[in-house]
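Participant: Provided herewith is a single structure, encoded as structure tokens, for subsequent inquiry.
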Amino acid sequence: MIQLKPVTRENLENVLALRVSTEQQRYVSPTAHSLAQAYVYRETAFPFAVYADETLVGFIMFGYYEARRQYTLWKFLIDQRYQGRGYGRAALMKGIAYMKETFAIKELYTGVSLGNAAAKQLYRSVGFAETGLVEDGMEEMKYTC
């Protein structure tokens, strides 16, 4: 069972220790960088530790992008030890449900690094679609509720 839990004093070090594979590192920010952004943008950033039962398996962060007035899936990773088990898809669905319930969103945006076919396929599997916008090496995708 996938759960999204706050990042706390108790789980911070474990969240910071989450890692993706070497080949994925060019696409994914380290959690320390993501948490620094969450601190700076604390009014509009929503970070969570992803748990499968009681095991920390990943990190997901949503945000509100004020310049475009849109909610975003800002950061997302499943630790390399836990990939390929369905946790990513389940965490995305749990996160989308949270955003719907909390903010009554109508749509959710994300950016996928060009060349990151695995992430693009995962996002498509939960209902994201390409918008056609490519900017700063990222392809925009949108989930419509």
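The values are calculated or read from the model by the stated rules, or taken from the named source; none is laboratory data. Since this is a predicted model, take the numbers as computed values, not measurements. Don't worry about glycine lacking a Cβ; one is built from the backbone with ideal geometry, like all the others, and counts go over all protein chains shown. We work out accessible area using only protein heavy atoms, side chains counted, and drop any ligands, DNA or RNA first. Shrake-Rupley method; radii C 1.70, N 1.55, O 1.52, S 1.80 Å.
Participant: Within 10 Å of each candidate Cβ there may be at most 10 other Cβ atoms; applying that plus a DSSP loop requirement, which GluC sites (Glu not before Pro) in region 48-145 survive?
Facilitator: Glu54, Glu66
Participant: Cα convex hull of region 79-145: mean projected area in nm², to one decimal?
Facilitator: On the way: hull surface 19.6 nm².
With every direction weighted equally, the projected area is 4.9 nm².
Participant: Over the Cα atoms of region 1-42, each weighted equally, I'd like the Debye log10 I(q)/I(0) at q = 0.16, 0.33 Å⁻¹, rounded to two decimals.
Facilitator: Ignoring solvent entirely, the Cα scatterers give -0.50, -1.14.
Participant: OK, next. Dividing the Cα radius of gyration by the Kirkwood radius, what Rg/Rh value follows for the chain?
Facilitator: Working: Rg = 14.2 Å, Rh = 15.3 Å.
On the Cα set of the chain, Rg over Rh gives 0.92.
Participant: From the phi angles alone, apply the Karplus equation (6.51, -1.76, 1.60; θ = phi - 60°) to region 3-18 and give each ³J(HN,Hα) in whole Hz, x where the residue is Gly or Pro.
Facilitator: Computed from phi, the couplings for region 3-18 are 10, 9, 10, x, 7, 10, 4, 6, 10, 4, 4, 5, 5, 5, 7, 4 Hz.
Participant: Now, a different point. Please calculate how many Å² of accessible area the chain carries per residue, with a 1.4 Å probe and no DNA, RNA or ligand atoms counted.
Facilitator: On the way: 8310 Å² over 145 residues.
Spelled out: the 1.4 Å probe surface of the chain, per residue, equals 57 Å².
Participant: So, one more: If you average the C-alpha positions of region 95-116 and of region 29-85 separately, how far apart do those two centres end up, in angstrom?
Facilitator: Their Cα centres are 11 Å away from one another.
Participant: While we're on this one: What does the charge count near Gly88 come to, summing +1 for each Lys or Arg and -1 for each Asp or Glu among other residues with Cβ under 12 Å from its Cβ? Mind showing how you got there, number by number?
Facilitator: Numbers: positive: Arg85, Arg89, Lys94; negative: Asp79.
Result for the neighbourhood of Gly88: +2.
Participant: Can you pull the percent of region 84-145's accessible area that's carbon plus sulfur, 1.4 Å probe, other chains left in place? Kindly include the intermediate steps, with their values, before the conclusion.
Facilitator: Working: 1700 of 3390 Å².
For region 84-145, the apolar C and S fraction of the accessible surface comes to 50 percent.
Participant: When all C-alpha to C-alpha distances in region 1-87 are sorted into bins of 5 Å, what percent of pairs does each bin hold, rounded to whole numbers?
Facilitator: 3, 15, 26, 25, 18, 10, 4, 0
Participant: With contacts defined as alpha carbon pairs under 8 Å and 6 or more residues apart, what's the relative contact order of the chain in percent? Let's see the in-between values first.
Facilitator: On the way: 231 pairs, mean separation 29.1, N = 145.
For the chain, the relative contact order is 20 percent.
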